Amino acid sequence: MYLPQSIIDAIPTCHILIVDDDEMIRQFIDILLEGHGYKNLHHAENGWEALEIIKTTRLDCLILDINMPGMSGQDVMRHVRNSPSTEDLPILVVTAHDDRQERNDILNSGASNLISKPINQDLLLKRLSSLLERKLMIEKLSSYHERLSQELTLAARMQKGLIPPAETIDQIEKQYAVKLAHAFRP
């Protein structure tokens, strides 16, 4: 897939929150991502801490454990998906669940994708990269759509400014005793 250079350059600067109650796993993911150029990594050891960071930081992706004491990863996902400001935040779940139904439940709860523990480094990097690429491309497309909409609105106003009002057309027809066969009447 072709990616614009601006997207490729933006991926390492994305803000990623790593949420896991196991410090070793948080450190493992952090070292792995730093080793691949990611610069803006945030950490939380439980769901409550994660929600506080989510409220105060503009994140690009959430790497989330499911089984945590206090607030589970699924509870965190529900909060994220129910908030208009974060409902589209990509969530990569890291789970020890291997049961097909449990994995489907995780995806149905709002996970964008998931990987199993023990963590396969290449798979984590590929899935994270894919989620970030998709998010950045959607943002770029939304920005383009908004700019295009503004430009079309401006062009429509300019066109209307070129067309004489209906009263002026009526005056011309009366003054010169002509009938304009083709005239735009707003």
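As an exercise, identify the GluC sites (Glu not before Pro) in segment 1-96 lying in DSSP coil whose Cβ has no more than 10 other Cβ atoms within 10 Å. Can you show the working numbers first?
On the way: sites: GLU23, GLU34, GLU45, GLU49, GLU52, GLU87; in loops: GLU45, GLU87.
Filter output for segment 1-96: GLU87.
Rounded to the nearest 5, what is the percent of antiparallel bridges among the DSSP beta bridges in the chain? For the chain, the DSSP antiparallel bridge percentage is about 0.
Of MET158, MET24, MET137, which has the most accessible area with a 1.4 Å probe, and how do the rest follow in descending order? Let's see the in-between values first.
On the way: MET158 120, MET24 140, MET137 70 Å².
Descending order: MET24, MET158, MET137.
Calculated [222 nm] ellipticity per residue, helices only, for the chain: -17500 deg cm²/dmol; basis is -39500 (n - 2.57) per DSSP H run with n ≥ 4, divided by all residues, nearest 500. Can you list the lysines whose alpha carbon sits under 25 Å from that of LYS117, skipping same-chain ones fewer than 8 residues off? Straight-distance partners of LYS117: LYS39, LYS126, LYS135.
Using the alpha-carbon atoms, what tilt in degrees (0 to 90, nearest 10) does helix 47-56 show relative to the longest principal axis of the chain? The two axes meet at around 30 degrees. The angle between the Cα long axis of helix 121-162 and the longest principal axis of the Cα atoms of the chain comes to about 10 degrees, rounded to the nearest 10. The calculated FRET efficiency for ARG58 paired with THR168, based on their beta-carbon distance and R0 = 41 Å, is about 0.20.
Surface composition of the chain: carbon plus sulfur atoms contribute 53% of the solvent-accessible area (1.4 Å probe, protein chains only, all chains present). Here segment 112-186 has an Rg and Dmax of 27.8, 88 Å, counting Cα atoms alone. Ranking SER129, TYR144, GLY47 by how far each Cα lies toward the positive end of the dipole of segment 42-186 (charges on Cβ) leaves TYR144 at the top. Count charges around ASN40 for me, please; just the other residues with Cβ under 13 Å from its Cβ, Lys/Arg as +1, Asp/Glu as -1. Residues near ASN40 contribute -1 overall.
Averaging over all projection directions, find the projected area of the Cα convex hull of segment 14-116 and quote it in nm² with one decimal place.
Details: hull surface 23.8 nm².
Spelled out: convex hull of the Cα atoms, projected over all directions, averaged, 6.0 nm².
The charge dipole of segment 46-186, taken about its Cα centre with unit charges on the Cβ atoms of Lys, Arg (+1), Asp and Glu (-1) only, comes to about 600 debye. Counting only protein chain heavy atoms and rolling a 1.4 Å probe, the accessible areas of ILE138, ILE18 rank, largest first, as ILE138, ILE18. Take the Cα radius of gyration of the chain and divide it by 2.2 N^0.38 Å, N being the number of residues; the result is 1.63. Considering only PRO165, LEU180, PHE28, the residue lying farthest towards the positive end of the dipole of the chain is LEU180, judged by Cα position with unit charges set on Cβ. Counting only protein heavy atoms and using a 1.4 Å probe, the accessible area of LEU123 comes to about 60 Å².
When the Gaussian network model of the chain links Cα atoms closer than 10 Å, the mean-square fluctuations of LEU89, LEU152, LEU114 top out at LEU152. Ligands, DNA and RNA aside, TYR176 has an accessible area near 140 Å² when probed at 1.4 Å.
Taking a ≥ b ≥ c as the square roots of the eigenvalues of the alpha-carbon gyration tensor, segment 1-67 is classed prolate because a/c is 1.5 or more and a/b outweighs b/c. Taking the Cα centre of segment 120-171 as origin and assigning +1 to Lys and Arg Cβ atoms and -1 to Asp and Glu Cβ atoms, the resulting dipole is close to 360 debye.
The values are calculated or read from the model by the stated rules, or taken from the named source; none is laboratory data. Only a predicted model underlies this, so the values are computations on that prediction, with no experimental measurement involved. When we count neighbours, we look across all protein chains shown, and the Cβ atoms used for this are built from the backbone with ideal geometry, even at glycine. Keep in mind that these areas ignore ligands, DNA and RNA; they rest on the heavy atoms of the full protein, side chains included. Shrake-Rupley method; radii C 1.70, N 1.55, O 1.52, S 1.80 Å.
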